[in-house]
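Following: one structure in structure tokens, then a few remarks.
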Amino acid sequence: MKCELAQQHIVQYIYGELADEGCHNLEQHVAGCERCRNELRVYEALRHAMSLAPVEEPSANLLAHSRVRLDEALDQLPPPSLGMRLETGLFGFFAQLRAAPGMAVALAVLGLGIGATAGHYWKHAVPGQPISQAEQAVPLGVTTAAPAIFSVSGIVQHPNTKMVEVHFNQMVPATVEGPMDDPEVQKLLLMATQNTGDPDVRNDSVGLLAEQCKAGHYCEGGPVRTALMVALRYDRDPSVRLKALEGLEPYVAQDVHVRDAILESLMHDPSQPIRSHALRMLEPVQADSSVRVVLQTLATRDDNPEMREASLKVLQAIPETE
């Protein structure tokens with residue numbers, strides 16, 4: 001199996017939609033390919049991080065408004081042509097998607113995005129269509145329910161202020177501006193930490209979240225810490241991993257999950273500056289049994305002589321407990 005095919009199958013593998021033979025071939029390929037193995041880890045981490053986010057149900061008002069708009073749009077459609085009747089034969093294909101939940105979700109999101117765009121065009125671009133009073137009260141370019149967000153394209157922090165601009169892509173590029181405690185801004189910053197296509201955006205988002213955590217702001221909840229731990233464990237850019245590590249420093253003593261992530265970096269990160277910084281960060285919890293075990297392992301078995309010596313010095317400085 002080649003890398004291109006393996007990366008196409010990773011999402012199906014994670015959601016249990018890949019056939020047994022495909023799973024076997026992918027696992028054999030990943031065992032010998034570090035690039036695809038790292039790719040698999042990133043997707044697994046992303047799925048885990050997404051599973052921690054609460055599932056929000058649409059409000060009754062939004063559902064009712066959407067149904068009314070859909071009914072109005074359907075009433076204006078011309079009678080179905082022969083081509084449209086032939087398209088109904090595709091219904092059997094969609095019935096097969098019951099066995100593929102990941103693909104079904106992807107198609108559903110795509111359909112919702114296209115439907116929202118078509119409804120907006122029908123109301124505002126087709127002559128002669130009535131506009132309700134509620135729609136007249138909404139300025140052009142502003143919708144009552146935001147379309148799906150595909151990616152974050154840029155982050156700008158205003159100097160000497162708490163304001164942050166987050167540029168993101170929907171059907172067309174858009175921008176949100178607000179303080180760091182704005183839920184929409186935080187949601188976009190968390191999304192930007194997973195932007196594998198633009199390392200600068202990923203670097204900016206992790207750096208901004210880390211700075212806020214170091215300052216003790218907006219980092220008490222789980223999602224921000226989780227995003228930083230995912231970046232520390234799996235991001236390919238050492239500068240991003242270092243920023244995530246620094247942002248987690250205030251929580252090493254109180255959060256065992258943060259401590260475990262730092263211990264993993266201390267043992268396995270390929271960057272020596274990150275390992276050295278992680279070792280210094282563990283000073284408040286050096287007496288912890290798990291920290292002692294890691295330090296003893298590094299002091300006796302690490303390939304880097306400087307790391308062995310530094311770990312041994314830390315161990316010797318820890319007071320003996322009765």
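No lab work stands behind these numbers, since they all come straight from the coordinates. These figures come from a predicted structure and were not determined experimentally. Cβ placement follows ideal geometry from the backbone for every residue including glycine, while neighbour counts extend to all protein chains displayed.
Taking R0 as 30 Å, what's the FRET efficiency between residue 308 and residue 161 from their Cβ-Cβ distance, rounded to 0.05? Walk me through the numbers on the way to the answer.
Values: r = 47 Å, r/R0 = 1.55.
Efficiency, from the Cβ-Cβ distance: 0.05.
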Give, as a single signed number, the net charge of other residues whose beta carbon lies under 9 Å from the beta carbon of residue 308, with Lys and Arg counted +1 and Asp and Glu -1. -3
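Could you work out the local net charge near residue 285, counting Lys and Arg as +1, Asp and Glu as -1, over the other residues with Cβ closer than 13 Å to its Cβ?
It works out to a net charge of -2.
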Simple spin-label model, 7 Å along Cα-to-Cβ: residue 66 to residue 19 in nm? 3.5 nm
Run the quick spin-label model on residue 316 and residue 255: label points 7 Å from Cα toward the beta carbon, then report their separation in nm to one decimal. 3.5 nm
Sorted by chain and number, the residues with a modelled amide H under 5 Å from that of residue 168, at a separation of 5 or more or across chains, are 153, 174, 175, 176
Please give every one of the lysines within straight-line cross-link reach of residue 187, meaning a C-alpha to C-alpha distance under 23 Å, and leave out same-chain neighbours fewer than 8 residues apart. 162, 214, 243
Sum of side-chain charges, residue 44 neighbourhood, beta-carbon under 13 Å (Lys, Arg +1; Asp, Glu -1): +3
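At 0.36 nm per residue, and after removing the present C-alpha to C-alpha distance, how many nm does the segment from residue 268 to residue 149 gain when stretched out fully? Before the final figure, lay out each step's value.
Details: separation 119, 0.36 × 119 = 42.84 nm, distance 3.45 nm.
Residue separation times 0.36 nm, minus the Cα-Cα distance, leaves 39.4 nm.
Over the stretch 204-322, consider all pairs of different Cα atoms and compute the Kirkwood hydrodynamic radius from their mean reciprocal separation; express it in Å, one decimal.
Details: mean 1/r = 0.0691 Å⁻¹.
After inverting the pairwise mean of 1/r, the radius is 14.5 Å.
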Net length gained if the chain between residue 8 and residue 41 were fully extended (0.36 nm per residue, minus Cα distance): 10.4 nm
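Work the Kirkwood hydrodynamic radius out for the stretch 3-52: mean of 1/r over every pair of different alpha-carbon atoms, inverted, in Å. Present the calculation step by step, with values, prior to reporting the outcome.
On the way: mean 1/r = 0.0914 Å⁻¹.
In the stretch 3-52 this quantity evaluates to 10.9 Å.
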